Structure formats: C-alpha cells, structure tokens
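To start, the structure itself, in structure tokens.
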Amino acid sequence: MIPAISLSTNIAISTNLTATSGPNVSQRHRNSNTPNSLLKSLAKSGKLDDALRLIESWPSKFPATEPDVEAYSVFLHACISRRSLEHGQRLYRQLLLHRNGGNLRLLNNPTLKSKLITLFSICGRVDDAFGVFEDGIDDEHVPGQVWVAMAIGCSRNGQPERALLLYCEMLCRFVQPGNFAFSAALKASVDLLNLRFGISVHAQIVKSKEEPDQVVNNALLRLYAELGCSDEVLKVFDGMPQRNLVSWNTLIAGFISQDQIFDSLHTFRRMQIEGMGFSWVTLTTILPVCGRVTALHSGKEIHAQILKSVNRPDIFVLNSLMDMYAKCGTIDYCRRVFYRMQSKDLTSWNTMLTGYALNGFMEKAQELFYEMVESDMKPDGITFIALLSGCSHAGLTDEGQRFFSKMKLDYGVSPTAEHYACLIDILGRAGRIKEALQVMENMPMKPSSTIWGSLLNSCRLHGNVSLAELIAEQLFELEPNNPGNYIMLSNIYANAEMWEGVKMVRDMMEERGIKKEAGCSWIQIKNRVHTFVAGGGFELRNSPEFKKVWSELMKATQDNGYIPSTSVVLHDVNEDLKTSWVCGHSERLATSFALIHTADEMPIRITKNLRVCVDCHTWLKHVSCITGRLIVLRDTNRFHHFKGGACSCKDYW
Ligand SMILES: [Zn+2]
Ligand SMILES: [Zn+2]
C-alpha cells in the first residue's frame, strides 16, 4: 500500500513536468525540474522529510519517470551524514513495496545497497543491515563494495569476527578484494588481536594487482604496531611511498605500546625535523610519554608548538599538557594551563587536583575542590582518589576521614576498593593501625594486595614488626612474585636491627627465585633522556669529571652530617661494599650527572622506577642543601621536592 502522503505545497510540481524527456526540452530545464533532480536538491539541502514524501508519492504521481540511482544515492548520503535511521528505513520499505514494479533494479544496485547497509550499521542496526545485504545474495553477483560495507558495519558494531567471516566468504565467491576490503580485514584482525590472519591479508596485498593505498598501508602499520611486531612496523613504514600524520601517529603509538619510550620520543622529533607537523592526536599520544620519563624539556617544546599553532588546541590536548607538567613536578606550569583554559571538563579539574595532591600541595588541592564544587562541576570517583591519596601523603588524617564520609553523603559517589585503600592508608600511616584493620574488616569487598601493601608500609613507618609479619604472610600468598613486599619486610627487620629476619627474607627470595627489580632513574638534559641503572654506568663513574663531582659531594655531604645507612642493603656483604652499593643507586648517579651537565640554578628532575630508599632520601636532602638546587624526584609512590636540606614529604612516605 502506498502511504497517502501528499507533497507539501512548497515542493508541489505539476505532473506534466514528468513528460520532459522529449528531444526539444533543454538539458538545463530537465535537470532543474524532474522529480529526480528535485529529490537531489531536497536531499542536499537536508530537507529529508520533504524528500521522503516525494519518494513515497512517486509511483502515483510520476508513473512515467523512473527513479534515478544517483538521486536515491544522494538521499541516502544525506541520511548517513545525519544518522537518520527513520528516513532510511522508510526508503527501504518503499523500495520493498514496489519490488516487482521496477524497484528491483534499485534494490540490487550495489551503491544503494552499500549505502543502506552503512546507514543501518552506523545506527547500530546490524541485523537490519544484514537483511539488506542478504536480500538476493544467492541469485545475484554481489560486488566487493557491498561485502566491504557489510564487513565494516560488523566491525563498527563490535563484531570483528563476523567481519572476517564475511571477508573469507567473499573470497570463496571469487570476488577480488581491493584496497577497501584489505583495510577492513586488517582492522578486524587488529580488533581480534589475530596476527596470523593479518599476515595472510598482508600476503594478499603483496600479490594483488592494485597498489596498496595509504589507508591500507596505515592499517598494516597499525596491525604490526598494536600486535607488537616492531621490526615489521619499521619495514612497512620505511617502504611506504607516502606517509601522512596517521602513519606517524601509528608508529609513535606502536613504540609506546611496546614500552619503547625513547624510540617514540625520537620518532616525534624526526617527524618535526621532516616537516610533518603534528595533529592533536600526536600530542595526546606523546605528552604522556614526556610525563612518564620527566622529559620536561620536550614537554615544554610541545607546549611552545601548541601556542604557535594556528588552530586552537582541543580540551584533550590541554588536559594532557597539564598532566605532563604535573608529572614533571612543575605544578606552576600546570596551574597556568588550567586557569587559561577557556572551557574545562571533569578531567581538567581532576588533573589539576591530582597534580596538587601528588606534589604535596594539599591546601591548594582542598581550595580547588571547593572551587570545583562552586562552579557546578560534579566530582567523581577520581576526584576523591586524588583528595584521599593527597591527605594520606600529607598526613592529614582528619581531613581524609572527612572526605571519605562526605563523598557518598554529600556528592553521591560510592566508595570503591581504591577509596577504601586510601582510607586504610591514611589511618595506617597515622599509626592508627587498629582502626585501619577495622575498616578493612568491614569493607564490602575483599581486601586487595594494595591494601595489604599499604598496611605493611604503615608497619614500617611505625616499627610494628609482629603485625608486619602477619600482613606479609597474606601478601606473599596474594603476590608471591612481587619483590617489593619482600624488600619491605626486610627493611622492617633491618630498622628493628633484627638481622635474623633480614637473612630469613633473603633466603626466602633466593629459594623462590625472586630477584629485586633493578633500580632505574631517568633525567632529561636538553633533548636527550638519560637512563641510569643501579650499580651501572661504569663509563660515567670512571670519567674524571664524575670522579671530581662525586668526591666533592662525598666530602661536602659528610661535612654536612650525612652518614650512609646501609640497612637497606639486603645482601650479606661487608660494610664497605654495602656503602658502595647504596652510593651506586640510580638516583645518585642521575643527580651527579645532572650536576655536571646543567647550569648552577637549574632544578634537577629525576624519575625513578622504584620507591626511593631511606638512605638516598637522606642523601638527596643533603645534596639539595649543599648545592642550593631544587631536586624533584618522582618515585612509584609520590613526588619528593628536595630544597635547602628538607623534603616536601616531610619524611612521611
Ligand atoms: Zn637508594
Ligand atoms: Zn621526600
């Protein structure tokens, strides 16, 4: 049945115009007045309702005019760009209604079919899309473009497996894959983490007559980058006739996913040297890397590029920039970016808050929290993790407890295991271990290893050996291979001068084959990020300039009252060797190197992969006093800002 909708007056055209195919009618006249051209112009100007009314009244009003594939295609294109499912569905219904009255030609047209499939799948209606796809599949030759549209539709709706099956079925029906099919199959392989399938598609690309285009090459790059084949990534990248921003971004992201931090930074530089520029995606990918290894110099360079850029940076870039500054311990820069942002989202507020909390500026963090609430930004779970962990690091027990009880009551945020872990940490650090244990017993979830770990650290801070032993037992069961737990227990014994205990832990580690993770520190000087490994750096340590600075430091720190404490050394060796081991910790090598290679006033920023040891913490305080330098050390736990002989953590860590 034909829906009885008449054309609205503003698009009414007289039926005698349908007979405009006579030879004496000029081309121009025909183009502007046929129902087909009217349909196109309505669709192009977004008047989809009117266009649809025209389509639905077509059979009765213009029986003599055949609908044009191009006009329908323009209409569907408009539906896709507006994601208007309803208009597409009505068009499809109309086509089915007159299936035998001439519409079969349109229904089987590959362009219209692909467009309908695309429309339905972008609107989340994969089954409807399949309905269109399968209609007539056994009677007709279905060209590649329809298969590809359906495969992309599946991928788009989280069904990559179905996409790959379609690709295989297409090959079984002897439909030659082209570049579109290749890139769809590669994308699905990446989504399924199916490297073997991806490689077989690569083989087909090599054998194909069609030259792979940039989209296919980028898909190949992504395949190898995301599935961890660095060599292949470089091979594809170097063999590409042309590379665009997507290619470079994929290469950088690939390095990062494989933890090849320096390669990613190097690639970003190469990209700049080769005049490639960057996109906002490049920056949101590379800025976290700068934050991770405290590459402040690179981070600042990127900031300068953002400022010089003609386009205004999006909120994601600015949030990443703030995060980088916060992680480099430069909270002033972070604040400047934050207050200059024209619009801020929840991530912006949380990043600023976390920055303050991590760097030990809890007063500022609390002020900011109230500013956030006043500006009608609703805090979430991350907001409270920032506040609670900040309170814990700063020893603000009462404030921490208050935030914990207020988060649900006043802000409707239910505490998760992480929030409980923070509260337990706050109480434990304050020496209120009994209360901490009570919270742990009453919490609605099972205590995680983080919670046991924080309790163990509280025992270390307060010298509670017997409780530490009980907690360590739990931890060894939960995380039998984490060296950090063993080292913590050993330190607790050492602080209590219980050397038998130290030996027991050492034997246990040996028995279980657990090795202490090598300490590693990073600093950036100009464009280069330097890595220092504990006990390593022989060349550096034997260089005359290092020897000079080192012996000057030794003398000055000792004159300043520093006595090396070797209790952190786990191995049973003589005192001299213990001292030399402690002095070879990576943060000391990094500090000495920075003293040689940077100007007198420059702050020294170090990142470390482990928690700083007590002795290095003391040593760094002395060095900051003697040299007058600000030394910012970020370890796995928090920031330490050493200045004038004191640390921002007030030795509470
Ligand atoms: Zn150390
Ligand atoms: Zn500290």
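Residues that are surrounded by 22 or more Cβ atoms within 10 Å (Cβ to Cβ) and either in a loop (DSSP other than H, G, I, E, B) or within 13 Å of ligand 1 (Cβ to nearest atom) (or both) within the stretch 639-652 comprise just one, His640.
Pairing residues of the stretch 68-84 that are without any contact (Cβ under 8 Å) to a residue 24 or more places away in the chain with residues that are part of a loop (DSSP other than H, G, I, E, B) and surrounded by fewer than 17 Cβ atoms within 10 Å (Cβ to Cβ), at Cβ distances under 8 Å and at least 6 apart in sequence or on separate chains, gives no pairs at all. If you check Ile261, Ile273 for being touching a Lys or Arg at 6+ places or on another chain (Cβ under 9 Å), under 27 Å from Thr531 (Cα atoms), β-branched (Val, Ile, Thr) and modelled with pLDDT under 95, only one passes: Ile261.
Does the stretch 397-405 contain any residue that is modelled with pLDDT under 95, surrounded by fewer than 22 Cβ atoms within 10 Å (Cβ to Cβ), more than 28 Å from the chain's Cα centre (by Cα) and among the basic types (Lys, Arg)? No - not one qualifying residue is present in the stretch 397-405. Pairing each residue of the stretch 399-422 that is assigned to a helix (DSSP H, G or I) with any residue that is loosely packed, with under 13 Cβ neighbours inside 10 Å, provided the two are 6+ apart or on different chains, yields C-beta distances under 6 Å for Lys408/Ser414; Ala417/Met445. Selection over the stretch 98-142 of residues that are under 40 Å from the mean Cα position of the chain (by Cα) and assigned to a helix (DSSP H, G or I) gives a count of 22. When Asn249, Asn244 are checked against the criterion of being free of Cβ contacts under 8 Å to residues at least 60 places away in the same chain, crowded, with 22+ Cβ neighbours inside 10 Å and in contact with a helix residue (DSSP H, G or I) (Cβ under 7 Å, 6 or more places away or on another chain), a single residue qualifies: Asn249. Put simply, of Gly299, Gly329 the only residue that is surrounded by 22 or more Cβ atoms within 10 Å (Cβ to Cβ) and touching a Cys at 6+ places or on another chain (Cβ under 8 Å) is Gly299.
Screening Ile514, Ile471, Ile492 for residues that are away from ligand 1 (no atom under 16 Å from the Cβ), part of a loop (DSSP other than H, G, I, E, B) and β-branched (Val, Ile, Thr) leaves exactly one candidate, Ile514. Here Leu589, Leu610, Leu633 are screened, and the one residue that is among the hydrophobic types (A, V, I, L, M, F, W, C), at pLDDT below 95, within 15 Å of ligand 1 (Cβ to nearest atom) and surrounded by fewer than 22 Cβ atoms within 10 Å (Cβ to Cβ) is Leu610. Could you tell me which residue of the stretch 38-85 is surrounded by the fewest Cβ atoms within 10 Å (Cβ to Cβ), considering only residues that are part of a helix (DSSP H, G or I) and among the β-branched types (Val, Ile, Thr)? Among residues in the stretch 38-85 that are part of a helix (DSSP H, G or I) and among the β-branched types (Val, Ile, Thr), the one surrounded by the fewest Cβ atoms within 10 Å (Cβ to Cβ) is Val69.
Taken together, Ser490, Ser466, Ser521 contain a single residue that is within 16 Å of ligand 2 (Cβ to nearest atom) and either surrounded by fewer than 17 Cβ atoms within 10 Å (Cβ to Cβ) or touching a residue at least 12 places away in the same chain (Cβ under 8 Å) (or both), which is Ser521. Per the listing Pro544, Pro603, the residue uniquely of a type outside the set (D, E, K, R), under 21 Å from Ser298 (Cβ atoms), modelled with pLDDT of 90 or more and away from ligand 1 (no atom under 16 Å from the Cβ) is Pro603.
The values are calculated or read from the model by the stated rules, or taken from the named source; none is laboratory data. As the structure is a prediction and not an experimental result, all values here were calculated from the model. Glycine gets a Cβ as well: all are built from the backbone with ideal geometry, and neighbour counts include every protein chain shown.
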